[in-house]
Structure formats: structure tokens, C-alpha cells
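The values are calculated or read from the model by the stated rules, or taken from the named source; none is laboratory data. Just so you know, these numbers come straight off a predicted model, no measurement behind them. Reconstructed Cβ throughout: ideal geometry from the backbone, glycine too, with neighbour counts over all protein chains shown. Note: areas computed on protein heavy atoms with side chains; ligands, DNA, RNA excluded. Shrake-Rupley method; radii C 1.70, N 1.55, O 1.52, S 1.80 Å.
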Amino acid sequence: MSGGMLTLRAWRDPILVAISLVALWQVLHEIAGDSAVTAPAPTLAHLWEMIGQARFLPHLRETSLAFLQALAIACGGGVLIGVVLGGHKLTGEVAEPILVALYSVPKITLYPVILLLFGLGMPAKVAFGALHGIIPVVLFTMNAVRNVNRTYLRAGRAMRLTPAQTGWYVLVPATLPEIFSGLRIGFSLTLLGTMLGELFASQRGLGFLLMTAIDLHDVKTILSIAVLISIFAIAANAALLAIDKHLHRGAAPEVSGKP
Amino acid sequence: MIAGAPRLAAVGDEAAYKIHARLEGVTRVYPPRAGHAEVHALGPISFDLRAGEFFSVVGPSGCGKSTLLDVLAGLAVPSAGTVEFEGKPVHGEVPDGVGVVFQEDASFPWLTVEDNVAFGLRRAGVDAAESKRRVDFAVAFMGLRDFSRAYPSQLSGGMRQRVCIARTLVMQPRLILLDEPFGALDQQTRLLMGDELLRLWRETSATVLLITHALDEANLLSDRIGVMSARPGRFLDIVETGWPRDRDSRLAERADFGAVTSRLWSYLRGESLRALGQGTAAR
Amino acid sequence: MSKAGWIRTLLLVGAVGALELACRTGAIAPTMVTAPSKMVTTLIKTLQSDEIGMHLRHTLSAVAIAMSIAIVGGFVIGFVLNWVPFLRRAFSPFLAAYYAIPHFAFYPLLIVIFGLGPVPLIVLATLFAMVAMILATMAGLDRVPRVLLKTARIHRLSLIEEIWRVRLPAAAPHILSGLKLAVAYSFIGVIAGEFILSTSGIGHEIAFAYDNFDNPRMYALILFVLGIVTLFNMAVFAWERRMLRRRGA
Ligand SMILES: Nc1ncnc2c1ncn2[C@@H]1O[C@H](COP(=O)(O)OP(=O)(O)OP(=O)(O)O)[C@@H](O)[C@H]1O
Ligand SMILES: [Mg+2]
């Protein structure tokens with residue numbers, strides 16, 4: 001197999017996905033008409049034009065800033081909490097059901113509480129985004145730390161590693177793949193949370209633009225922004241997924257039989 | 001017991017026996033898969049399984065023993081050659097009257113031991129009373145009576161394998177294929193299970209094909225032992241033991257017992273080394 | 001209850017107690033958080049009005065519809081995708097990226113298309129929940145051990161019997177966990193949609209109370225929603241555990 005064929009194959013799927021999505025969009029447009037779904041070409045042109053406009057940039061910056069801060073908190077805090085919960089068995093057992101329950105309730109209902117605590121604006125959005133993203137990071141990290149094979153640690157002791165060496169050469173490589181999977185999911189959920197936060201009681205940001213576009217019945221803008229966010233999300237996820245797969249390359253293949 | 005139409009062997013064979021299953025020029029090649037060249041796993045192999053005999057297959061790991069079993073049972077289609085069972089061709093369809101115990105644990109985790117054992121009987125529409133009689137007998141026979149209401153997750157690996165054996169036996173197959181059924185058992189239990197298997201074989205007059213790693217076990221249980229080469233597996237020789245039909249594990253005390261095992265080992269030493277070499281060369 | 005269970009209960013009770021104390025003493029202003037006791041009394045009062053029953057009905061019926069479509073549809077689609085390799089290859093990139101997209105960004109579009117009402121909510125929640133079921137069904141069917149399928153063939157089962165007696169029970173643990181997610185996601189989808197923009201439903205009521213500075217009512221309703229959804233999720237969870245326990249899963 002030549003390298004050319006390999007790259008072709010690697011790109012085939014994403015390209016096919018993109019083409020079929022645009023096709024699906026066009027079909028929806030044909031069915032629903034301009035008042036419900038605008039056609040791909042004019043919408044993308046509109047998006048391009050919008051990005052070029054000066055009044056669009058502050059909104060984009062607001063959303064990006066909120067997202068990045070939320071992401072930093074979700075990842076940093078999540079890994080930290082996860083390590084503690086994973087390392088200390090009882091604490092982990094106490095916290096896990098609470099986290100799982102919190103993961104599966106509609107967190108949007110907590111948004112007013114956050115708004116009351118942080119006030120309208122950036123801090124509330126950051127807190128809400130981080131609230132969404134942090135739970136999977138904590139859960140994955142906790143499990144990664146919990147499931148470190150004790151034999152690795154014993155092997156480390158047998159090789160007379162210092163605690164720092166054990167941490168760096170044993171614990172980090174042993175837990176990193178799982179933690180990274182958590183970070184990837186945390187990334188998506190933080191984005192979801194940030195957007196959700198902006199859709200309600202917000203005065204700036206892409207979510208705010210979406211909600212004003214509803215009032216104006218401006219389908220083209222709604223679609224443009226939704227597409228912009230989706231492209232960003234899918235591209236980032238593809239990159240993270242590639243890293244994730246690379247990190248998991250040494251892992252045992254899926255078992256198809258029982259032990 | 002044997003239905004269908006087992007053929008008489010061709011005139012000129014030393015003994016007149018009935019052929020229960022026949023493989024002719026059978027090979028099995030696994031097609032290439034992502035990043036893997038095709039694997040020639042088996043054959044060409046030709047041999048007859050005589051009706052009512054106890055036949056064992058020994059060979060180095062990865063030489064195609066399980067593949068042979070799959071082809072014989074109709075679970076896999078041979079890449080070349082033909083398989084016949086009771087005079088009728090087998091081609092990717094499992095014929096009636098064949099029972100298989102697989103190398104891997106095949107107990108259904110969602111059924112109790114009892115229900116696992118009764119699985120085939122229920123599907124075949126055997127009536128409840130008869131079904132219960134057979135299941136109770138097989139469960140007791142396999143030493144699982146105290147666990148008949150347990151789920152496989154509550155059993156050890158060896159016990160689960162016994163569930164699978166019981167599930168096969170209740171169907172009263174005319175040809176029983178066993179792929180390392182005692183692999184998960186300790187040596188003592190293994191010997192006892194071997195004795196039980198022999199007793200069962202004598203009482204039912206079924207044909208048994210047993211795949212095993214243990215040369216002693218093959219020697220002890222079998223009328224004939226097929227010794228397979230490293231992959232692609234072929235029979236280097238088929239050793240006739242000539243043991244009496246009425247035998248058990250005390251056979252191992254006989255003077256001529258060791259001679260057969262040594263003969264098997266002299267074939268296999270070289271082959272196992274070759275199989276290992278294949279592995280290291282591939283790396 | 002286990003030791004961890006006791007500690008957890010104590011912790012939660014302690015947290016509620018501390019909050020109560022902080023609110024009573026004025027350490028936390030009532031404009032921020034209302035005291036838990038007041039949340040409960042307001043909740044009881046709110047539940048006695050019939051207007052909340054209407055909202056609850058709207059929310060629950062939307063959730064029920066979305067959940068049913070997502071579970072049944074997701075199972076069928078997952079099964080078909082697993083069965084037809086071509087379709088699977090075509091759709092798997094979509095599925096892999098699906099949960100990376102913040103679906104709620106499309107909610108305004110759904111409102112434009114379907115109008116304000118239950119339909120965009122149901123569509124949003126169904127879209128959100130169904131793919132979890134699809135993925136779980138596919139994962140479950142993928143992981144059916146090959147030797148069990150061989151066993152089915154040895155017993156000469158028909159295709160229908162093989163699916164019903166072997167494939168589905170073997171895939172059940174995965175399918176059930178997908179079902180659990182589909183239930184939770186249906187709630188999240190409907191209530192979040194109501195919250196953002198809607199004319200009725202519990203989510204809308206919370207947002208409405210927030211907009212009108214009616215903190216006690218808002219907190220009472222938040223408590224109510226979190227309580228109901230958690231109870232429901234726990235019930236599904238317990239049911240799943242009961243189904244799987246004897247397998248030792
Ligand atoms: N489904 C498959 N696809 C591709 N190759 C396979 C498959 N199953 C088996 N093989 C290959 O065929 C060869 C023979 O496999 P088989 O399982 O028959 O060996 P075996 O003699 O039963 O080994 P063991 O004693 O370890 O059970 C092996 O080299 C294996 O890699
Ligand atoms: Mg094998």
C-alpha cells in the first residue's frame with residue numbers, strides 16, 4: 001500500500017460526510033422552502049460575509065473567551081478532582097453516584113442559580129460551560145487512576161523507582177489514554193454548556209445572535225451560526241479523536257470472546 | 001444409534017468399518033484482512049472418521065485444529081475439498097446429529113445452568129418431561145447438581161466448560177466434537193472427566209473427535225490419534241493405539257503406554273519448534 | 001447501606017442543613033438562594049395549583065414521545081446499521097462526530113421550521129437521545145462473542161431464533177445502557193428546550209419565574225425537576241441493575 005493511498009483513504013470519510021451533509025441540507029431546503037431552511041450556497045456566502053463584518057467579531061470573541069476559560073476550568077479542575085477521587089477509594093465511592101446523577105439531570109435548570117450567584121455576563125457562562133464539561137473529565141480520570149494495574153506499581157518498586165519517577169514513567173502513561181478520552185468528551189460538553197448559557201438571558205456572544213435572529217425570523221443567520229459552531233465542533237473533535245486513537249494504540253483490542 | 005447411511009469402507013481396507021465422516025483434500029485459507037496477508041490455516045487434509053471410534057487430534061498451537069473442527073461441523077466452508085457426514089455432503093450447514101464443545105466458553109450468561117443445558121432440547125421441541133430427565137441426568141453427570149440454578153458468572157471456568165459439555169450431551173449427538181474441553185481443568189479432574197467421557201462414549205456408541213494439547217490424554221482416550229504438522233496443519237501420521245474399548249485412566253500403568261506417548265512426542269517436538277519459529281520469524 | 005452510602009447521605013443532609021442555616025442567619029441573601037425549607041413549602045403550595053399540573057403534563061408527554069421514538073427508532077436503526085456493512089460504513093463518521101455538535105444551537109432553527117409548541121421540543125430531544133441508543137445497539141451487537149453465534153448454528157436455529165435467543169440477550173447489557181442514556185437525554189432535551197424558548201412546560205416555568213424575580217417559586221421548581229428526573233433515572237438504573245445482576249455484570 002502506498003502512502004498516497006493511505007492519505008486518500010484517511011480523507012475519504014470526512015469528505016464523504018461533508019458532501020452528504022451539504023446534500024442533505026439542500027434536500028431539506030427543497031422540501032421546506034426558503035422561509036424555513038435557506039439553501040447551502042447563499043447561507044455559506046452569508047456566513048463568510050458575516051465573519052468579515054466588524055460587529056460580528058466581539059460576539060465571536062465573547063463566545064470563544066467564555067468557552068476557553070470554561071474548558072480550562074473543566075480540564076484542569078476535572079483532572080485534579082478525578083485524581084483525588086481515584087486515588088482515595090472511599091472519597092471516590094462517596095462522590096461517584098452524585099456525579100453520575102448530576103451528569104444525567106438537565107443542568108439547564110441550575111442556570112438561574114448560577115446567574116443569581118455570578119450575575120449576568122461572562123462569569124456565569126464560564127461557570128455553566130465548566131459545569132457541563134467537568135463531570136466527564138472527573139469520571140474518566142477517576143476510573144483511569146482507579147484502574148491502574150497494581151502490578152505496574154509493584155514493578156516500579158521492584159525497579160527501585162523514586163515516587164516522581166513512578167509518577168512520570170508509570171502513572172502518567174498508564175492513565176493518559178483514558179483521561180484524554182474524558183477530556184475529549186469534556187470538550188464537547190463544555191461547548192454545549194457555553195452555547196446553552198448564551199441562548200438564555202445573554203447580551204453578547206453567538207448564542208445571543210442566534211436568539212436575536214429568531215425574533216427577526218432571520219433563518220440565514222441562524223443557520224450560518226449553527227453551521228459555524230458545528231464545523232468548529234466537528235473539526236476539533238476529529239483532531240482530538242485522532243490523538244485519542246493514537247494514545248490508545250497500545251491498548252488491548254476489543255475482546256470478542258469471554259475470558 | 002447411528003441413523004443416516006454410514007457407508008461401508010472400500011473393499012481392501014484392513015478392517016471392515018463404517019465411515020461416519022470423511023474429509024477429502026480439505027483446505028481452509030482465511031482471506032486477507034486489514035494489514036494481514038491471507039492465512040493458509042489448514043490442509044490439504046484427507047481422512048475418514050470411523051463410526052463409533054474415539055479419535056484425537058494433537059498438534060502445535062495455531063496449527064489449525066479448531067479450523068479443522070469448524071470445517072467438519074459445517075461452521076466453516078472449506079476453501080477446497082469436500083466434507084461428508086453420514087454419506088451426505090456438508091457445506092456450511094451444520095448437519096443434524098453433530099454436537100460441538102468449543103474451546104472458548106460458550107455458556108449463555110443470561111441463562112441458568114439448567115436452562116443452558118436445556119437450550120438445545122427446547123429449540124428441538126423435545127417434550128418437557130423427557131427434557132427434564134435428560135437435563136437432570138447431564139447436570140448430575142457433570143457434577144453440577146448443586147449449581148443447577150446458578151448463572152455462569154457464579155461458576156469457575158472449568159465448571160462453565162462442563163455446562164457446555166452437558167448442553168452438548170443432552171442432544172445425544174451421533175458425532176461429538178470436543179475442542180480442548182478440559183483445558184480449564186486441573187490434572188486430577190481432567191483424568192476423572194476423561195474416564196467419564198470414555199464411559200459415556202462406550203454407552204452411547206457415538207463417534208468422538210477430541211482436540212487436545214495433552215499427549216497423555218490423547219493416548220489414554222483414543223483409538224486413533226491424528227498428529228498435525230505446524231500451520232498449515234496436515235496429518236503427519238495417524239497413530240493406532242489398539243487399546244481395548246473397555247479402558248480407563250489405569251491404562252497409563254501399562255508398559256506399552258509410554259511408547260505411544262513417546263512416539264507422539266517425537267513427531268511433535270520438531271513441529272512445535274517449527275511453529276514457534278514461525279512466530280518469531282513473523283515478528 | 002454501605003459505609004460510602006452513609007457518608008454520602010450524611011454529607012448531603014449536612015449540606016442542606018448548612019444551607020438552611022446560612023439562609024436563616026442571613027449569611028446568604030434571599031435574592032441569591034432561598035432556604036431549603038422554604039423551597040419545600042413553596043413547592044407544596046405550587047403543586048396544589050392546577051396550572052402546574054398542565055405544565056408537568058406538557059413536559060412529561062413531550063419526554064415520553066421523544067423517549068419512545070428515540071428508543072425504538074434507535075434500536076431499529078442500530079440493528080440495521082449493524083446488519084448492513086455498507087450503511088454502517090456510510091454512517092459511522094456521522095455517528096462518531098454526532099455528540100460533538102452542540103445540538104441546542106439548532107433549536108432556533110427547529111422553532112422557525114415547526115413553530116413554537118411541542119413539536120420542536122420533541123424533535124430536539126429525539127435527535128439528542130436517539131443516537132445514544134443507536135451507538136449502544138451497534139456496540140452491543142458488535143460484541144456478541146463469535147462462539148455464541150457458532151453455538152446457535154450448532155443448534156440449527158433459524159435466523160429469527162438466533163437473533164431473539166442469542167444475539168439480543170447477548171447484546172442486552174449494552175442496549176440497556178443505551179436505553180438509560182436515551183431516557184436521561186430525552187429529559188435534558190425537552191427541559192432545556194422549554195427553558196430557552198417555549199410557551200409552557202416545567203422548564204419554561206423555571207425560566208419565567210427567574211425573569212419575574214420570583215425566587216422561591218423558581219427554586220421550588222428547580223428542586224422539583226431535579227427530584228423527578230433523578231428519581232426517574234434511578235428507577236431506570238435500578239431496573240437495569242436488576243436485569244443484569246444475575247449475570248454477575
Ligand atoms: N477467523 C480467522 N481469521 C483469520 N485467521 C484465522 C482465523 N481463525 C484462525 N485463524 C488463523 O488460522 C490458524 C489456525 O487457527 P486455529 O484456531 O485453527 O488453531 P488451533 O490449532 O486451534 O490453535 P490452538 O491450539 O492455539 O487453539 C492460526 O494461525 C490463526 O491465526
Ligand atoms: Mg484451537
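Odds and ends about this structure:
- Nearest 10 degrees, 0 to 90: helix C:118-142 Cα axis against chain C principal axis: 40 degrees
- Dipole axis of region C:34-247 (+1 Lys, Arg; -1 Asp, Glu on Cβ), positive-most option in C:105, C:138, C:148: C:148
- Taking region B:71-206 and dividing mean pair separation by its residue count, relative contact order in percent (alpha carbons under 8 Å, at least six apart): 29 percent
- Accessible surface, per residue, of chain A when the full set of protein chains is kept, probe 1.4 Å, Å²: 52 Å²
- Beta bridges assigned by DSSP with both partners in the protein assembly as shown are antiparallel in approximately 55 percent of cases.
- In a simple Cβ point-charge model (Lys, Arg +1; Asp, Glu -1; nothing else charged), region A:59-248 has a dipole of about 720 debye relative to its Cα centre.
- In straight-distance terms, cross-link reach from residue B:18 covers every one of the lysines whose alpha-carbon lies under 23 Å from its own, apart from those fewer than eight places away in the same chain; here that gives B:88.
- Of A:177, A:127, A:206, farthest towards positive along the dipole that unit charges on Lys, Arg, Asp, Glu beta carbons give region A:59-248: A:177
- Alpha-carbon gyration tensor eigenvalues x 5, square-rooted, for chain A, Å: 39, 26, 15
- Selected from B:158, B:242, B:183 as most flexible by GNM, with chain B as the system and alpha-carbon contacts under 10 Å: B:242
- Think of it as helices only: each DSSP H run of n ≥ 4 in chain A is worth -39500 (n - 2.57), and spread over all residues that comes to -26500 deg cm²/dmol at 222 nm.
- Contact with the other protein chains removes 50 Å² or more of accessible area, compared with the isolated chain and a 1.4 Å probe, from these residues of region C:96-142: C:100, C:102, C:104, C:105, C:106, C:108, C:109, C:112.
- Among the listed pairs A:220/A:245; C:150/C:180; A:245/B:65; C:3/C:45, those beyond 32 Å (Cα-Cα): A:220/A:245; A:245/B:65; C:3/C:45
- Helical segments meeting 27 Å axial Cα length and Kyte-Doolittle 1.6 threshold in chain A (DSSP H): A:219-247
- Choice from A:193, A:156, A:77 with maximal GNM fluctuation in chain A (Cα, 10 Å cutoff): A:156
- Neighbouring Cβ atoms from other chains, within 10 Å of the Cβ of residues in C:151-162, number 6 on average.
- Near residue B:57, the amide H atoms lying under 5 Å from its own belong to B:210, B:211, B:212, B:226; only residues 5 or more places off or on other chains count, and H is placed 1.01 Å from N.
- Rounded to the nearest 10 degrees, the inclination of helix C:50-83 to the longest alpha-carbon principal axis of chain C is 20 degrees.
- Heavy-atom accessible surface that B and C bury in contact, both chains counted, 1.4 Å, Å² to 100: 2000 Å²
- Anchor residue A:125: lysines whose Cα lies under 24 Å away (excluding residues fewer than 8 positions away in-chain): A:107
- Of every Cα-Cα pair in region C:34-247, the percent that sits beyond 20 Å: 64 percent
- Most mobile listed residue (A:207, A:78, A:119) in chain A, GNM with C-alpha springs under 10 Å: A:119
- Cα-derived Rg over Rh, computed across the protein assembly as shown with Rh taken as Kirkwood radius: 1.06
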